[in-house]
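Below: one structure, written as structure tokens.
The values are calculated or read from the model by the stated rules, or taken from the named source; none is laboratory data. Keep in mind that this is a model prediction, so the values were computed, not measured. Note that each Cβ is placed from the backbone with ideal geometry, even for glycine, and that neighbours are counted across all protein chains shown.
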Amino acid sequence: MRMKSNIPVYESIAMDVAERIVNGEFAVGDKISGRTLLASQYNVSPETIRKAMGLLGQANVVAVSQGKEILVQSQEQAEEFIRHHLSMHSAYSLKQELEFLMEKKNEINNRFDEIIVQITRYTDRLRNLQPFNPVEVYVSENASAVGRSVAQLGLWQRTGATLIAIRRGMEVIISPGSGALLQAGDRLIVVGSGDILEKVNTVLQE
């Protein structure tokens, strides 16, 4: 999935005309070519130009007469128009990115749940762990386990816990090997019986 820009054509044209005013191509008091000529310049319909000039007219950048004459009114308002719309589109882009990331996060969470189900069905080591209750253990920044490998911690030997995955940001590492190094912020997904959460936390802090 790719995020798409939804800026209307007429708004892009309004921004371009405002930039031309700011750059001095159109000076205050100048008459800009009529809608038909502008339409040919931008290769759009006169109606699209009408909408674009309407935006600039509302912002007091230009004045549009009923005779379709377009008069440049203010360079300062043109600058403000550009700032305002860039700000609006920056906020919109961030909203789009957030929605995209939330969608990906949901996809990852759904896939994670699917993998957990598969592990319970097909991993020999987990066949006798009934009921199967995965526990998520957070690795804090101050944990002594940061920078150490799974083998060095000896989770299985010391706690009886089976490490089935590591959640690292938006990444899920399934069945990490004994050489996998733990990082601050990791979330270890383990299974075991009894007070497995307390045991693993103790090992992480030692």
So, in the range 133-143, of the ones that are assigned to a loop (DSSP other than H, G, I, E, B) and surrounded by fewer than 13 Cβ atoms within 10 Å (Cβ to Cβ), which residue ends up modelled with the lowest pLDDT? ASN133
For the structure I just gave you, tell me whether LEU86 is free of Cβ contacts under 8 Å to residues at least 60 places away in the same chain and crowded, with 18+ Cβ neighbours inside 10 Å. no
I want to confirm something. Restricting to the range 1-22 and keeping residues that are of a type in the set (S, T, N, Q) and either more than 11 Å from HIS85 (Cβ to Cβ) or at pLDDT 90 or above (or both), which single residue is farthest from the chain's Cα centre (by Cα)? ASN6
Inside the range 168-179, the number of residues satisfying the requirement of being surrounded by 16 or more Cβ atoms within 10 Å (Cβ to Cβ) and part of a loop (DSSP other than H, G, I, E, B) is 1
Out of (1) within 28 Å of LYS104 (Cα to Cα); (2) surrounded by 15 or more Cβ atoms within 10 Å (Cβ to Cβ), what's the single condition that is false for TRP156? (1)
Here is a list of conditions, (1) within 30 Å of SER175 (Cα to Cα); (2) modelled with pLDDT of 85 or more, and TYR122 meets all of them except one; can you say which number that is? (2)
Selection from the range 23-62 of residues surrounded by fewer than 17 Cβ atoms within 10 Å (Cβ to Cβ), of a type in the set (Val, Ile, Thr) and modelled with pLDDT of 90 or more yields VAL28
Scope the range 145-167; condition closer than 10 Å to LEU182 by Cα, touching a Pro at 6+ places or on another chain (Cβ under 8 Å) and assigned to a strand (DSSP E or B); matching residues: ILE166
Failed item, numbered, when LEU94 is tested on (1) within 33 Å of the chain's Cα centre (by Cα); (2) surrounded by fewer than 16 Cβ atoms within 10 Å (Cβ to Cβ); (3) of a type outside the set (Ser, Thr, Tyr); (4) under 16 Å from ASP16 (Cβ atoms): (4)
Just give me the residues in the range 180-199 being outside any loop (DSSP other than H, G, I, E, B) and within 25 Å of ILE108 (Cα to Cα), in sequence order. LEU181, ARG187, LEU188, ILE189, VAL190, VAL191, LEU197
